[in-house]
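What follows is one structure encoded as structure tokens, with my remarks underneath.
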Amino acid sequence: MPGDRLTGALCALGAYALWGVLPLYFVLLEPTGPWEVVAWRILLSLLLYAVLIALPGRWRRLRGILRQPRLVVATAVAGVLIYVNWQIFVIATFTGHVIQMSLGYFINPIVTVMLGVLVLRERLRPLQWVAVALAVLATLVLVLGYGVFPWLALGVAFSFGFYGLVKKTIGADVDVTSGLTLESLWLAPLAIAQLVAVALTTGLTFGSAGPGHAALLAMAGVVTAAPLMLFAAGARRVPLVVLGIAQFITPTTQLLIGVVILDEPMPPERWAGFAIVWLALAVFTTDAVTASRRRAPDVAPGPPIRQE
């Protein structure tokens, strides 16, 4: 129904907008370091998911997943990959590399397509090959012209690309809440170890930087889960090709935050690299829209669920 699609579109836009402004939230958490931030994010998210799992019917689904070793291993691998993605994301924010991080999310759809070819033996259409070639060219321009290899951008793109690949292999066997709960559960020992390491070195900041800071840090679980829930609500109501196009709201917002608010450098060489990336995305999006119109109206490949 039109009203249902409007609700779905608003939910999806809300999710992408929240992901886009996440760098500002992490900046507000200073003097907390990136290792402590990610550790609290994992543990507080797990606490929130535990509440959701307690709702009627969900615990039974979780137990069914735990009886299948293949799914248990898959959720553990997904947890490791999203941990890498989160850690790079927060480190990039704390070290003044939000613009480079936005580049990673710009090229993530193209990385996902490349992984489909290399791992799943999928075939690329001609325009998709053009988009991949332009993305490679953009990376070379950024490396040669700017003098720095964009490892943070590629780390974000490939960690989330492989995460999406794992989620694709799991498919509908694992529901959203159970999957997020298990991913956080497997990461909990690592999060506890990180907190212990931080406590023994620089010292924990939770509760030591004032009540306002403590309240912000305590929101890490909600900040992580809220856009995921909005995205899940939107994905059920709108065509996936719409989600595929709308996802560029996130890196665009991050780019604007890096340039306008955080005043990160944007020399001509970097603008040139981004311009080639945007050209690649225009080609990629045109191909995706054209391909979706050849199929059923509401069936088109879309991006995996984000978990920044």
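The values are calculated or read from the model by the stated rules, or taken from the named source; none is laboratory data. Here the structure is a predicted model, which is why all the values come from computation and not from measurement. Positions of Cβ are generated from backbone atoms using ideal geometry, with glycine treated the same way; all protein chains shown enter the neighbour counts.
Values computed for the structure shown
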item: Cβ-Cβ under 9 Å pairs, at least 6 apart or on other chains, the range 15-29 side under 16 Å from Ile91 (Cβ atoms), far side at pLDDT 90 or above and charged (D, E, K, R); result: Leu29/Glu36
item: Considering residues of the range 260-280 that are surrounded by fewer than 17 Cβ atoms within 10 Å (Cβ to Cβ) and of a type in the set (Phe, Trp, Tyr) only, the residue farthest from Leu137 (Cα to Cα); result: Trp271
item: Top-ranked residue of the range 144-200 - restricted to ones that are not in a helix (DSSP H, G or I) and not β-branched (Val, Ile, Thr), ranked as nearest to Leu47 (Cα to Cα); result: Asp175
item: Residue, nearest to Trp271 (Cα to Cα), within the range 115-137, restricted to residues that are surrounded by 19 or more Cβ atoms within 10 Å (Cβ to Cβ) and at pLDDT below 85; result: Ala135
item: Residue satisfying all of: in the range 209-226; among the hydrophobic types (A, V, I, L, M, F, W, C) and not in a helix (DSSP H, G or I); modelled with the lowest pLDDT among these; result: Ala209
item: Residue match in the range 179-198 (condition: without any contact (Cβ under 8 Å) to a residue 24 or more places away in the chain and of a type in the set (S, T, N, Q)); result: no
